[in-house]
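What follows is a set of notes on a single structure, which appears directly below.
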Amino acid sequence: MKNWNFRLKTGVFILGIFLILGFILPLFHPGNPTEWGTYPKNLKPSSAHFFGTTNLGQDTFWLLAKSVQNSFIIGIVVAFFATVIGALLGLLAGFKGGFLDRAITLLTDSFIVIPSLPILILLGSLMKGRASLFYIALVLIIFNWPWPARQLRSMALSLSEREFINTAVFSGESTMKIIVKEIFPYVAGWSVANFVNTILVAIGSESGLAVIGMSSNEKATLGTMIYWANQHQAMLAGRWWWIGSPVIAIVLIFIALFLTMTGYQQYSALRRGK
């Protein structure tokens, strides 16, 4: 960590705070933070309720913790599968070339030109606001894997001409072993940065859908917190803690992910230059 730059340290520090909020602190809260009528309604922030309570009788702090947890789960799941699928297909296309390269490139370009937002809105409309987080994550994976596939294909095309790759081929190593052991280490840094960026995209997409009521309104996410706060006119009623806490959380998470991604790119470039 001593060689980490300021951006990377700041991003990881802020992300660490939100990961503790979303995954560690809820272990000390025995109740269900999404259940209605658990506490008196519309209490102001106090020592008993740090962020007050909502119009539905929920403790805003614990509801925020649960929302951060679910939003991160969506982001991490989408980023993991989109990056793994994109990396494997992109590296395979760039290394093998020929018909396989043309087929994967055609598939990649086909998904890239299809806008994901109308598909997600259509899914939300068909499910009438009850689309599960699983379906939302699945659609986001389908529309996010082509981007790393396209980038990594270009990198693999360049790397496949290197001498050590020819040596591995003539040594009789399998295609998958060459991709994983010989090529992937050279693109691992870029893949990590893409993973972080996809978390940001997934959380942003789900939150946007939730705000307009097209995500799972029954599951607590940062977007659904804003949705329910808007539905009960929290801002007009002066209950800023209800709508303000998820908005500030989203902004800080986005800043943290952006700093982590750009900071890691700088750190990775510095390591390659040594």
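The values are calculated or read from the model by the stated rules, or taken from the named source; none is laboratory data. All values derive from a computational prediction rather than experimental measurement. Glycine also receives a Cβ, built like all others from the backbone with ideal geometry; neighbour counts cover every protein chain displayed. Heavy atoms of the whole protein, side chains included, go into the accessibility calculation; ligands, DNA and RNA do not. Shrake-Rupley method; radii C 1.70, N 1.55, O 1.52, S 1.80 Å.
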| note | Rounded to the nearest 10 degrees, the helix 240-273 long axis (Cα) sits at an angle to the longest Cα principal axis of the chain of 20 degrees
| task | Treating only the Cβ atoms of Lys and Arg (+1) and Asp and Glu (-1) as charged, compute the dipole magnitude of the chain about its Cα centre; round to the nearest 20 debye. | result | 420 debye
| task | Return one number: the angle in degrees, 0 to 90 and rounded to the nearest 10, between the long axis of the Cα atoms of helix 222-231 and the longest principal axis of the Cα atoms of the chain. | result | 30 degrees
| For P26, net neighbour charge (Lys/Arg +1, Asp/Glu -1) across residues whose Cβ lies under 13 Å away | 0
| query | Which value, in Å², gives the accessible area per residue of the chain when a 1.4 Å probe is used on the protein heavy atoms? | reply | 52 Å²
| query | With the contact rule set at Cα under 8 Å and sequence spacing of 6 or more, what percent relative contact order holds for segment 24-101? | reply | 20 percent
| query | Ignoring any ligand, DNA or RNA, what whole percent of the accessible area of segment 210-274 comes from carbon and sulfur when the probe is 1.4 angstrom? | reply | 63 percent
| note | Farthest towards the positive end of the dipole of segment 1-71, among F6, G57, I17 and with Cβ unit charges of +1 on Lys and Arg and -1 on Asp and Glu, lies the Cα of F6
| message | Modelling each spin label as a point 7 Å along the Cα-to-Cβ direction, I'd like the N32/R271 distance in nm, to one decimal. | response | 4.4 nm
| note | In degrees rounded to 10, the 0-90 angle between helix 184-211 Cα long axis and the longest Cα principal axis of the chain is 30 degrees
| remark: Along segment 112-118, Karplus-curve 3J(HN,Hα) (6.51, -1.76, 1.60; θ = phi - 60°) to the nearest Hz, with x for Gly and Pro, reads 5, 7, 7, x, 7, 4, x
| field | Solvent-accessible area, 1.4 Å probe, carbon plus sulfur percent, for segment 1-97 | value | 71 percent
| note | The pairs in K44/K66; K96/K181; K96/K177 lying past 18 Å Cα-Cα in this model are K44/K66
| Given only helices, namely DSSP H runs of n ≥ 4 each adding -39500 (n - 2.57), what is the per-residue ellipticity at 222 nm of the chain, to the nearest 500 deg cm²/dmol? | -23000 deg cm²/dmol
| query | Looking at G189, P148, T175, which one has the Cα that reaches farthest to the positive end of the dipole of segment 127-192 (charges on Cβ: Lys, Arg +1; Asp, Glu -1)? | reply | P148
